[in-house]
1. Which condition from (1) more than 30 Å from Ala189 (Cα to Cα); (2) within 16 Å of ligand 1 (Cβ to nearest atom) is the one that Thr278 breaks?
2. Regarding Met123, is this residue away from ligand 3 (no atom under 16 Å from the Cβ), touching a helix residue (DSSP H, G or I) at 6+ places or on another chain (Cβ under 6 Å), in contact (Cβ under 8 Å) with a residue 12 or more places away in the chain and assigned to a loop (DSSP other than H, G, I, E, B)?
3. Within segment 60-100, can you find the residues that are of a type in the set (Ser, Thr, Tyr) and either within 11 Å of ligand 1 (Cβ to nearest atom) or on the phi > 0 side of the Ramachandran plot (or both)?
4. Checking the condition touching a strand residue (DSSP E or B) at 6+ places or on another chain (Cβ under 6 Å), surrounded by fewer than 19 Cβ atoms within 10 Å (Cβ to Cβ) and either in the same structural domain as Asn172 (by TED's automatic domain parsing) or within 20 Å of Val200 (Cβ to Cβ) (or both), which residue from Pro92, Pro79, Pro65, Pro69 passes?
5. List pairs: first in segment 389-405 and within 16 Å of Ser318 (Cβ to Cβ) and of a type in the set (Val, Ile, Thr), second within 13 Å of ligand 3 (Cβ to nearest atom) and assigned to a helix (DSSP H, G or I), Cβ under 9 Å, 6+ apart or cross-chain?
6. Kindly list the number of the only condition in (1) at pLDDT 95 or above; (2) part of a loop (DSSP other than H, G, I, E, B); (3) aromatic (Phe, Trp, Tyr) that fails for Phe105.
7. Name the single residue, out of those in segment 259-287 being assigned to a helix (DSSP H, G or I) and either free of Cβ contacts under 8 Å to residues at least 12 places away in the same chain or over 20 Å from the mean Cα position of the chain (by Cα) (or both), that is surrounded by the most Cβ atoms within 10 Å (Cβ to Cβ).
8. Would you point out which residue out of Leu256, Leu242 is under 25 Å from Arg211 (Cβ atoms), outside any loop (DSSP other than H, G, I, E, B) and free of Cβ contacts under 8 Å to residues at least 40 places away in the same chain?
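The values are calculated or read from the model by the stated rules, or taken from the named source; none is laboratory data. Everything numeric here is computed off the predicted structure, so don't read it as measured data. Using ideal geometry, Cβ is built from the backbone for each residue, glycine included, and neighbour counts are taken over all protein chains shown.
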Amino acid sequence: MTRVGIKRILAWLVIIIVVIVLANLVLGWLARRGPVQHVTVTTEQFQHGRYLTDAADCAACHTRPGGAPFAGGFPLETPFGTIHGTNITPDPDHGIGRYTSEEFFHALTRGEARDGHQLYPAMPYASYRTMSRADSDAIYAYLMNLPAVAQPNRKNDVHFPANIRTALHGWNLLFAGREIPPASSGASAQWKRGQYLVDVLGHCGECHTPRGALGQLKLDRTMTGNADLGRYAAPDITPAGLAARGWDAAMLREYLATGMSKRAVASDEMLTVVGLSTSRLSDEDLIAMTTYLLGDKAPAPKAIAMNARIGEGPAQRSYFNLCAGCHGNDGQGVPNVAVSLRENSSLREADPHNLVVAILDGLPVHDFPGIARMQDMPGFADDLDDAQVAALATWLRQRFGGQSEAVTEAAVRDLRQSRTKH
Ligand code: HEC
Ligand code: HEC
Ligand code: HEC
């Protein structure tokens with residue numbers, strides 16, 4: 001063969017390869033695009049879908065504060081880096097406009113995105129795993145009838161090796177299919193409904209269950225609390241943990257409905273859960289949730305003796321100088337001004353984490369539509385040093401919380417140093 005002949009054959013080969021590669025790209029792109037979906041709903045179906053979307057708290061991660069509803073961009077800080085909730089409005093290019101209801105169900109229950117990539121478990125598909133197809137379809141129908149928002153998704157900042165999405169298949173094999181053991185015992189219809197609302201839709205264990213080194217939930221310690229979360233620790237909400245801090249069903253229901261109760265006020269991440277999700281649920285469902293949290297046979301809430309005899313000393317003086325004006329001389333609180341500290345749950349946790357954070361950082365105004373407003377509480381990080389905060393926290397826990405163990409200066413120092421990180 002002549003040299004010219006070989007050159008011609010090579011040129012053709014190159015052209016054929018280029019055509020095949022381009023065709024593949026175009027076909028893949030077309031497949032990924034797929035047809036835009038349209039879903040029609042009745043008013044009742046729309047409302048039912050909205051209710052379930054609230055119960056599953058999709059907005060918490062898919063709506064940026066101040067951003068368009070469900071248009072994404074909410075940053076979730078994880079030990080593996082920052083992952084952003086995506087746009088789940090019906091926009092065909094940036095949102096879920098091309099998802100079929102089947103593909104949507106797979107994203108929710110298996111973490112498979114429509115274009116085939118595996119989602120990070122920051123999307124709680126391990127909890128949604130047993131969501132019913134009917135509920136998924138109802139949520140889908142609701143979201144698909146919201147205004148489409150053409151907002152591009154934000155890039156994630158996940159570090160190596162967690163940024164290799166294929167590795168997530170291994171994670172799924174190990175952890176995603178596991179059954180969540182019940183947090184309490186029971187068999188009533190209410191208890192079962194509560195289990196579905198708490199463990200599946202409400203995915204409460206994603207925060208209240210401690211996690212292992214690979215970010216998996218430690219299911220042998222389900223709902224026993226997680227101090228390694230955000231600024232606040234998620235307390236133990238097992239029946240035993242709740243009863244030890246004096247919770248009964250009525251107080252829990254009030255807390256989930258309003259974010260306030262005789263036992264505690266919700267702050268930080270829990271305030272978001274209450275605001276976007278539990279405060280919007282029916283009484284019937286809230287009763288089901290508390291039935292499940294405490295079990296069909298709820299343990300008696302523990303009563304504690306207020307210790308009025310301790311006192312006299314620098315910690316008591318801090319209390320009277322800085323706190324009593326709002327919380328009262330006897331910690332009794334002032335209606336619509338400040339909560340009662342007597343028997344308050346945050347003074348009764350084994351770990352003083354949340355009490356120390358409240359003293360250092362203060363609390364923002366607590367504001368829900370239709371509910372009495374609670375003013376804000378200033379932080380005292382600049383007024384009190386570590387030893388003073390530790391002494392005050394120890395005094396409060398003994399005086400109003402029935403806890404005798406001293407809070408250490410080291411614990412306060414750690415929480416002061418981690419202040420800026422959140
Ligand atoms: C705790 C936070 C969190 C909650 C709650 C949550 N999501 Fe997500 N979701 C995410 C994150 C983060 C991603 C993106 C994960 C990634 O990039 O791998 C995601 C991804 C998705 C996707 C894939 C979108 C795409 O870009 O292809 C869908 C669909 C979705 N979520 C729907 C929902 C719905 C519906 C709910 C409520 C039933 C919900 N999510 C609740 C965090 C959450
Ligand atoms: C995004 C994380 C997160 C999720 C999801 C979450 N919680 Fe919480 N929860 C917290 C944090 C943090 C606190 C502590 C807040 C505080 O002390 O004000 C808390 C506090 C609580 C308390 C008060 C405990 C006490 O003694 O003060 C209850 C009860 C509770 N959560 C129940 C639930 C239920 C039920 C669900 C599911 C519907 C849920 N939580 C989902 C983070 C979360
Ligand atoms: C200006 C009034 C004010 C002062 C001063 C004040 N607080 Fe508060 N405190 C509040 C309010 C209001 C809340 C409830 C905030 C909310 O609704 O989220 C609160 C909440 C708390 C909580 C959380 C209770 C719960 O149920 O979770 C603790 C603990 C607490 N205060 C302790 C203190 C201590 C200790 C001091 C003094 C160092 C202090 N407060 C000073 C107004 C005040």
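1. Going through (1) more than 30 Å from Ala189 (Cα to Cα); (2) within 16 Å of ligand 1 (Cβ to nearest atom) one by one, Thr278 breaks only (1).
2. Values: away from ligand 3 (no atom under 16 Å from the Cβ): yes; touching a helix residue (DSSP H, G or I) at 6+ places or on another chain (Cβ under 6 Å): no; in contact (Cβ under 8 Å) with a residue 12 or more places away in the chain: yes; assigned to a loop (DSSP other than H, G, I, E, B): yes.
The answer is no for Met123.
3. Of the residues in segment 60-100, the ones of a type in the set (Ser, Thr, Tyr) are 63, 78, 82, 86, 89, 99-100.
Residues satisfying the conditions are Thr63, Thr78, Thr82, Thr86, Thr89, Tyr99.
4. Values: Pro92 fails: touching a strand residue (DSSP E or B) at 6+ places or on another chain (Cβ under 6 Å); Pro79 fails: touching a strand residue (DSSP E or B) at 6+ places or on another chain (Cβ under 6 Å); Pro65 fails: touching a strand residue (DSSP E or B) at 6+ places or on another chain (Cβ under 6 Å).
After ruling out the rest, the residue left standing is Pro69.
5. The qualifying pairs are Val389/Ser318; Val389/Val356; Val389/Ile359; Val389/Leu360; Val389/Val412; Thr394/Ala315.
6. (2)
7. The first filter runs over segment 259-287 and keeps only residues assigned to a helix (DSSP H, G or I), leaving 268-276, 278-280, 283-287.
So of that shortlist, the ones also either free of Cβ contacts under 8 Å to residues at least 12 places away in the same chain or over 20 Å from the mean Cα position of the chain (by Cα) (or both) come out as 283-284, 287.
Values: Asp283: 9, Glu284: 10, Ile287: 18.
It comes out as Ile287.
8. Working: Leu242 fails: free of Cβ contacts under 8 Å to residues at least 40 places away in the same chain.
It is Leu256.
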